[in-house]
Amino acid sequence: MSANQWDLVLRSLGPIASGAIRGTIPLALGSFAGGMVIAVAVALMRLSGRRLVSALARGYVSLIRGTPLLVQLFVVFYGLPSLGVVIDPWPSAIIAFSLNVGGYAAEVVRAAILSVPKGQWEAAYVIGMARATALRRIILPQAARVSVPPLSNTFIALVKDTSLASLILVTELFKEAQKVAAFSQEFMLLYMEAALVYWVICLALSAGQGALEKRLDRYVAH
């Protein structure tokens with residue numbers, strides 16, 4: 001690598017890191033939070049004894065998992081305006097990513113809830129807890145511990161998927177790399193630099209996953 005290329009890498013690191021801090025990370029966090037709200041609601045609907053409610057939840061999961069994320073993103077940002085619903089790039093990305101996470105995470109949450117021993121439900125009922133209270137205070141904390149590894153993988157995948165938001169004019173990590181690459185014509189160099197930054201972020205998230213697992217371990221019945 002030449003001295004000029006090294007200089008370009010160092011100069012572009014600031015804008016790319018800024019794109020990660022101001023765009024990629026907040027976008028991923030916001031979308032994951034919204035997605036988890038959807039996921040828990042859909043998981044509980046899937047576990048409902050009412051066939052219509054359960055069927056609606058299954059249909060949602062099937063639709064999300066059966067269509068590409070890029071198509072979902074384009075439907076929200078480019079498709080809805082044809083119906084008179086115009087949403088700015090950032091909210092469009094949040095909505096599309098949240099819906100996508102909700103569809104995938106719902107099955108993880110449902111499986112985690114089902115993995116909690118039935119005796120935990122029975123013990124909660126014995127001490128007078130209502131079903132909703134037992135779910136909130138006993139079942140979900142234990143299910144959270146079980147679901148941490150797959151949900152962490154979902155979040156890490158989401159961080160990388162936020163690069164698609166550049167296609168709907170959202171400025172984030174990859175968009176910043178594209179700008180510098182277009183100006184310098186060093187496409188391979190800048191894209192490899194962006195890939196390295198994504199990798200570092202994912203390594204940090206993987207380390208955080210281990211710490212979170214230890215913290216939630218106290219909720220698991222032994």
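Note on the chain: dipole from Cβ charges, positive end direction compared against Cys202, Gly34, Gly128; the farthest Cα belongs to Gly128. Computed per residue of the chain from DSSP H runs no shorter than four, each worth -39500 (n - 2.57), the mean residue ellipticity at 222 nm is -24500 deg cm²/dmol. For Cys202 and Ser54, the difference between the fully extended length at 0.36 nm per residue and the C-alpha to C-alpha distance is 49.8 nm. Spacing of the modelled spin labels on Asp88 and Phe187, each 7 Å from Cα toward Cβ, amounts to 3.2 nm. Pairs of Cα atoms nearer than 8 Å and 6+ residues apart set the relative contact order; for the chain it is 28 percent. Determine which lysines satisfy two conditions relative to Lys214: a Cα distance under 29 Å, and not lying fewer than 8 residues away in the same chain. Lys214 reaches Lys118, Lys160. Exposure proxy for Glu176, Glu213: other Cβ atoms within 10 Å of each Cβ, ordered fewest to most, give Glu213, Glu176. For the chain, taking Cα atoms only, Rg and Dmax work out to 20.9, 72 Å respectively. In degrees between 0 and 90, to the nearest 10, how far off the longest principal axis of the chain does helix 3-19 point, with axes built from Cα atoms? Its long axis makes an angle of about 40 degrees.
Since every read-out is calculated from the coordinates, none of them should be taken as a lab result. On a predicted model such as this, the values are computed, not experimentally measured, just so you know. Cβ atoms come from the backbone with ideal geometry, glycine included; neighbour counts cover every protein chain shown.
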